[in-house]
Amino acid sequence: MAASKESPGGVVVARLNGAWVPQVHTLFAFVAFFSALVVACWTDYRAIVKNQYWGYPQEWFPSVSATTGDRYPARPIFQIFMAINSGPRFLLLYLFYLHSSSNSNGVFPKVHAVVGLLRTLSCGGWVYITSSEDHGTHDIAMVSYLVLTIPWMLGALALSQNPKTGKWRKIVACVFFGSLFPMAHQFYQHKANQIAGAYTKYALFEWGLIIYDVIFDAISLYDFNTLELAVIDVNRQSSRKVVATSSIAEKATDGKTNIEALLKVGDLNNLREFVVDVYLAFVHWSMLTSLAVTIWYFPLWHMGLSGYEVAILVTCTAGLLGIRPVRNAVRSYKGYIQLASLVGIAAYLVKDPVSRLLTVTFGLALNVLVWTSKWVENTDDPGRLERESLVWLLGLILSNVVKMAWWARNPIWPIMHPENGGANGTGLFLAILASIEAIRRHNKTPPPTEKIIRSDKWFASAAGFGTLLFAFHCLLSDTSTITRWVYKGYPDTGPMPVPWGALTIVAMSIGVVLSTSRKFVTGLPWYAVACVACGCMYYFPGWKGYYGGFVLAVYLVSVAPSFIRSVAYSPPGKTFLTAMVIYTILCLANIWTVAYAFVPAGEYLREHTDYVLMMMMGLIGLGVHAAGRSYSFKHAHVNVTRYSRYYTKLFLGVLIVLSTLIMLVRMPRAPVPYHPEDKLLTAGIWTIHFALDNDMWASEVRIRDAIKELELDVIGLLESDLSWTIMGNRDLTQFLGEELDMYADYGPGPSKHTWGCSMLSKFPILRSTHHLLPSPVGELACAIHATLDVYGKEVDVIVSHNGQEEDVLDRELQTKELARIMRESTNPFVFLGYVVTKPLKGNYLILMNGGNVNDIDNTDDDRWCEYVAYRGLKRTGYARVSHGDITDTEIQIGKFQVLDAYDNSTWAASYKRVTEDKVSPGLRFPPQFKGKGVRGHHYHVFDEPRYYD
């Protein structure tokens with residue numbers, strides 16, 4: 001410090017270099033946290049490392065909350081130093097604002113300063129309101145702090161003028177956000193799988209975030225070393241004239257900053273328009289992916305081709321752009337056509353399935369015209385064309401994040417409505433507002449000049465784009481899809497959708513960032529990497545396969561703008577028509593690999609997704625060849641490119657953080673059986689018909705309610721593999737598992753070519769194996785053989801789905817294989833399967849006698865498809881519950897007790913029945929399903945449950 005220096009208007013009595021502020025802030029922040037860590041470990045080490053499942057020595061490092069908020073004297077020490085540090089903190093915010101506003105006269109520094117202020121206040125919330133005092137408020141403050149960290153860090157990066165500052169902030173920000181995913185994984189391992197030591201690893205990552213956060217703000221010292229704080233005595237005037245000084249560094253002389261140019265000195269119109277267009281892109285992807293789901297309803301109930309499948313050709317309306325009057329009309333009235341296309345979102349108001357499909361088809365036809373027209377009309381301006389491409393990709397990523405928040409369901413699909421979790425009305429209202437904004441903007445802006453380049457590579461361009469559209473729909477329209485392609489049984493499941501679905505968002509975001517490097521992404525080396533990655537995804541299970549899927553996701557997104565540019569500069573009519581025909585063919589080929597028994601010439605694609613993937617990568621190679629060409633342009637809006645790329649990165653950051661927070665909120669809890677006091681295991685089997693009910697509504701919510709109210713501890717769900725384009729890529733096990741607090745085994749995934757079987761369990765799944773049963777003639781049958789920890793005892797469960805009635809040999813071989821699996825197991829066993837046989841003869845005898853299991857009730861002669869069998873357990877009850885129009889198959893339920901003294905080597909069973917009053921209340925079936933029941937579910941066939949002695 002110096003004293004008695006002269007200054008205009010007074011005498012400077014003290015000066016302080018601005019770099020001292022971040023240094024003092026860093027010092028007190030680290031002292032606060034690490035002094036609390038030392039004191040807490042010194043005084044209460046074993047208490048602070050203990051969690052709800054484990055303690056020392058399995059857990060040996062405490063979390064931040066346990067260290068700073070749980071115990072005296074660490075808590076007050078931490079809070080005192082944080083209070084001392086509040087002064088430097090607010091001063092740091094003020095200096096940052098002064099420094100950034102000196103280089104930009106726009107509104108952005110003010111917005112960034114407000115974000116910093118709110119972030120600091122939320123920090124005070126979780127520092128001074130501990131989790132032990134008010135857990136909810138503490139968590140809200142902590143989540144608010146994390147959410148505000150993303151705009152704070154991205155804003156600081158954007159406002160960085162010093163290259164050294166920008167470099168180090170980028171490094172620290174990448175490490176900070178990169179640590180969120182392994183931290184979330186360890187928390188999942190602790191919370192869901194109760195793995196010893198996982199919480200310690202989580203705590204180490206959590207402390208790392210504290211360090212990175214503080215260091216990020218400490219980097220400001222490189223900016224502040226040109227600033228000076230001064231204390232001036234205004235009553236002491238200097239007689240000497242001194243040149244005026246400033247408390248901030250001189251303004252930059254190299255013109256306006258990027259932020260000022262982007263925001264046009266406070267005008268946020270560009271940002272608003274960008275947000276509107278991204279939302280309209282989300283609507284576009286929602287409509288595109290909803291069409292296949294609504295079509296699927298019809299062949300599902302017809303058990304074969306219905307004729308309504310022709311609606312999938314509606315995307316070919318893009319070929320109408322080859323007619324000049326149509327192209328000019330779409331360009332002139334684009335906003336109004338966009339508005340009219342929203343009937344596809346309003347289709348949820350139409351009850352009749354056929355009418356609803358036609359409404360969706362009409363809306364999508366208009367919407368496809370709008371989006372392809374946007375690309376064609378901007379062929380003379382690569383900046384605007386790039387903007388439309390980036391917006392289209394952001395819409396895809398946003399749809400993934402929204403589906404993540406709705407458990408793999410899109411809330412504005414026409415199979416959704418308010419009763420099953422839809423937000424159709426809200427989505428439609430926002431879409432109408434966005435369309436009106438687009439109309440207003442279009443009326444004020446002269447239409448761009450269209451410049452069509454007639455290229456001899458139009459077919460290669462069309463093949464590449466149509467195939468890329470299929471790849472997006474097939475693999476990247478939901479964050480769980482790739483994880484299900486590579487999924488295998490417990491305990492080494494590979495990446496689960498929660499939390500690892502967020503990594504797919506990261507992969508797609510990386511692809512968007514790389515997409516602006518057109519020379520790199522259209523090069524053959526990058527294409528070769530993608531081909532290898534695709535092969536890894538298909539042939540390797542678990543994490544190895546997911547690494548391939550991750551790289552493939554990066555690649556597919558990265559080439560999208562180049563492919564769009566390629567088709568936009570080709571003749572629009574034949575190019576878009578060809579592209580959409582190829583897209584349609586690939587969508588059909590993909591589902592024909594499993595639906596071969598119901599379609600013509602299906603045998604050629606039977607169980608050959610590898611053929612489809614090879615075709616996909618080959619046609620994408622054609623697209624790469626076409627996209628690598630060069631073009632000449634009359635003009636380009638450089639500012640459009642600059643702000644669209646900046647806003648794109650900002651959106652990507654927000655979407656990554658949102659996906660991470662959604663995953664953290666959705667982390668599962670430890671399941672608890674319904675009646676542990678009776679050591680009861682209630683198991684059921686249900687064919688759910690792909691979670692589409694008789695009226696074409698998504699039925700996950702009603703399935704959940706039935707399972708919950710029937711108090712099922714274990715449930716086998718058949719026809720449950722929904723990770724296909726035709727079924728919406730909606731993994732229902734996420735919703736059911738989390739809502740019911742149950743462990744979930746998805747079963748064989750889409751790369752295994754079955755209709756799917758899955759299992760939910762209140763008991764830990766120790767091991768599970770996925771079987772593809774012998775199917776030489778008909779459709780491929782699947783089974784899950786799982787070992788559960790049932791009240792400390794290993795119990796095996798099989799969930800299986802055998803073939804169709806017509807395939808006699810298949811069903812016989814499949815039943816023999818199931819019998820072998822059960823016979824060779826030494827554990828108590830529960831069989832839950834779809835056998836397709838009459839009781840007491842044929843495959844029934846193979847299953848029961850060959851598997852050494854007992855039929856739950858051999859007097860029930862009304863069965864055909866579903867059967868429940870057991871051994872080594874005490875059977876106490878059996879019931880059949882009607883489907884309630886959710887599907888065409890009932891729910892069959894068995895109640896079993898796990899008794900230590902029960903002789904597991906005795907397979908004989910008594911079928912002596914008793915009345916309900918002879919059974920203790922904990923072993924009884926729920927009474928609300930008697931009589932007419934609830935929501936269409938009631939006990940039927942026997943009209944009441946059966947109980948056994």
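Just so it is clear, none of the values below were taken in a lab; they were calculated from the coordinates. Since this is a predicted model, take the numbers as computed values, not measurements. Reconstructed Cβ throughout: ideal geometry from the backbone, glycine too, with neighbour counts over all protein chains shown.
Gln52 versus Asn858, label points 7 Å from Cα toward the beta carbon: distance in nm?
Distance between the two pseudo-spin positions: 4.6 nm.
Measuring from a point 7 Å past the Cα of Ala340 along Cα-to-C-beta, which residues in segment 307-322 have an amide N at less than 12 Å?
No residue passes the distance filter.
Going by a ≥ b ≥ c, the root eigenvalues of the Cα gyration tensor, does segment 383-437 fall in the rounded group (a/c under 1.5), the prolate group (a/b larger than b/c) or the oblate group? Write out the running numbers ahead of the final one.
Details: a/c = 3.80, a/b = 1.60, b/c = 2.37.
Since a/c reaches 1.5 but b/c is at least a/b, the shape of segment 383-437 is classed as oblate.
Taking the Cα of Thr43, stepping 7 Å toward and past its beta carbon, and measuring to each backbone N in segment 72-113: which are under 16 Å?
Those under the cut-off are 72-82.
Find the Rg to Rh ratio for segment 762-833, where Rh is the Kirkwood radius over alpha-carbon pairs and Rg uses the same atoms. Can you show the working numbers first?
On the way: Rg = 13.2 Å, Rh = 12.7 Å.
Rounded to two decimals, Rg/Rh equals 1.03.
I'd like the projected area of the chain, averaged over all directions, using the convex hull of its alpha carbons. Report it in nm² with one decimal.
About 43.8 nm², averaged over all directions.
What length, rounded to one decimal in nm, is gained on full extension from Lys351 through to Lys164, with 0.36 nm per residue of separation minus their alpha-carbon distance?
Details: separation 187, 0.36 × 187 = 67.32 nm, distance 6.11 nm.
Here the segment from Lys351 to Lys164 would lengthen by 61.2 nm.
Could you tell me the relative contact order of segment 346-439? Use alpha-carbon pairs under 8 Å, at least six residues apart, and round to a whole percent.
Details: 53 pairs, mean separation 24.2, N = 94.
26 percent.
Which FRET efficiency, nearest 0.05, do Val777 and Asn694 yield, Cβ-Cβ r, R0 45 Å?
That gives a FRET efficiency of 0.90.
Divide the volume of the convex hull of the Cα atoms of segment 268-665 by its number of residues and quote the answer in cubic angstrom per residue.
On the way: hull volume 55.4 nm³, N = 398.
Given the Cα convex hull of segment 268-665, per-residue volume reads 139 Å³.
Let me know the charge dipole size of segment 268-665 about its Cα centre in debye, to the nearest 20, where only the beta-carbon of Lys, Arg (+1) and Asp, Glu (-1) is charged. Walk me through the intermediate numbers first.
Numbers: 31 positive and 18 negative charges, 228 e Å.
Rounded to the nearest 20 debye, it is 1100 debye.
Based on the alpha carbon coordinates of segment 680-902, what radius of gyration and maximum Cα-Cα distance (Dmax) apply, in Å?
Looking at segment 680-902, its Cα Rg and Dmax stand at 16.0, 50 Å.
In nm, give the distance between the simple-model label positions of Asp789 and Lys519, each being 7 Å from the Cα along the Cα-to-Cβ direction.
5.7
Suppose R0 equals 51 Å; then what is the FRET efficiency for Val941 and Arg440 from their Cβ-Cβ distance, rounded to the nearest 0.05? Display every interim value, and only then the final one.
Values: r = 62 Å, r/R0 = 1.21.
Efficiency, from the Cβ-Cβ distance: 0.25.
Mind checking the full-extension length gain between Lys912 and Val672? Use 0.36 nm per residue of separation minus the Cα-Cα distance, one decimal, nm.
Numbers: separation 240, 0.36 × 240 = 86.40 nm, distance 3.09 nm.
Between Lys912 and Val672, full extension yields 83.3 nm more.
Nearest-5 percent of antiparallel DSSP beta bridges in the chain?
Details: 63 of 74 bridges.
Expressed as a percentage, antiparallel bridges in the chain total about 85.
Roughly how tilted is helix 20-49, in degrees to the nearest 10 and between 0 and 90, from the longest Cα axis of the chain?
The helix 20-49 is inclined about 30 degrees to the chain.
Counting only the backbone N, which residues of segment 640-667 are under 16 Å from the spot 7 Å out from the Cα of Cys174 toward its beta-carbon?
Counting only backbone N, you get 653.
Taking Cα pairs under 8 Å and at least six residues apart, what relative contact order does the chain come out at, in percent?
Result for the chain is 10 percent.
Using the structure shown, list the pairs from Lys874/Lys918; Lys708/Lys838; Lys374/Lys574; Lys816/Lys895 with a Cα-Cα distance above 24 Å, or answer none. Don't skip to the answer; put the middle values down first.
Values: Lys874/Lys918 16 Å; Lys708/Lys838 30 Å; Lys374/Lys574 17 Å; Lys816/Lys895 26 Å.
Flagged as over cut-off: Lys708/Lys838; Lys816/Lys895.
Please give, to one decimal in nm, the separation of the simple spin-label points placed at Tyr128 and Glu709, each 7 Å out from Cα toward the Cβ.
4.9
Tell me, in nm to one decimal, what length is gained between Val599 and Leu766 on full extension, where the rule is 0.36 nm per residue of separation less the Cα-Cα distance? Could you put the intermediate results ahead of the total?
Numbers: separation 167, 0.36 × 167 = 60.12 nm, distance 3.93 nm.
Here the answer is 56.2 nm.
Note down the relative contact order for segment 680-902 as a percent, whole number, built from C-alpha pairs under 8 angstrom at least six residues apart. Please report the intermediate quantities before stating the final value.
On the way: 538 pairs, mean separation 45.6, N = 223.
It comes to 20 percent, rounded to a whole number.
Using 1/(1 + (r/R0)^6) with R0 = 35 angstrom and r between the beta carbons of Tyr94 and Leu433, what's the FRET efficiency to the nearest 0.05? Don't jump to the answer; show the numbers that get you there.
Values: r = 38 Å, r/R0 = 1.07.
Rounded to the nearest 0.05, the efficiency is 0.40.
Using the Karplus equation 6.51 cos²θ - 1.76 cosθ + 1.60 (θ = phi - 60°), what ³J(HN,Hα) coupling, rounded to whole Hz, does each residue of segment 923-935 give in order, writing x for Gly and Pro?
Per-residue couplings from phi come out as 9, 7, 7, x, x, 5, 8, 6, x, 7, x, 10, 6 Hz.
Counting only other residues whose beta carbon sits under 14 Å from that of Ser920, what net charge do I get with K and R as +1, D and E as -1? Kindly include the intermediate steps, with their values, before the conclusion.
On the way: positive: Lys679, Lys874, Lys895, Lys918, Arg924; negative: Glu677, Asp678, Glu916, Asp917, Asp949.
Cβ neighbours under 14 Å give a net charge of 0.
Pairing the Cα long axis of helix 269-302 with the longest principal axis of the chain, what angle in degrees results, from 0 to 90 and rounded to the nearest 10?
Long axis of 269-302 versus the principal axis of the chain: about 10 degrees.
Skipping prolines and chain starts, which residues have an amide H placed within reach, meaning under 5 Å, of the one on Asn854, given they are 5 or more residues away or on another chain?
Tyr870, Arg871
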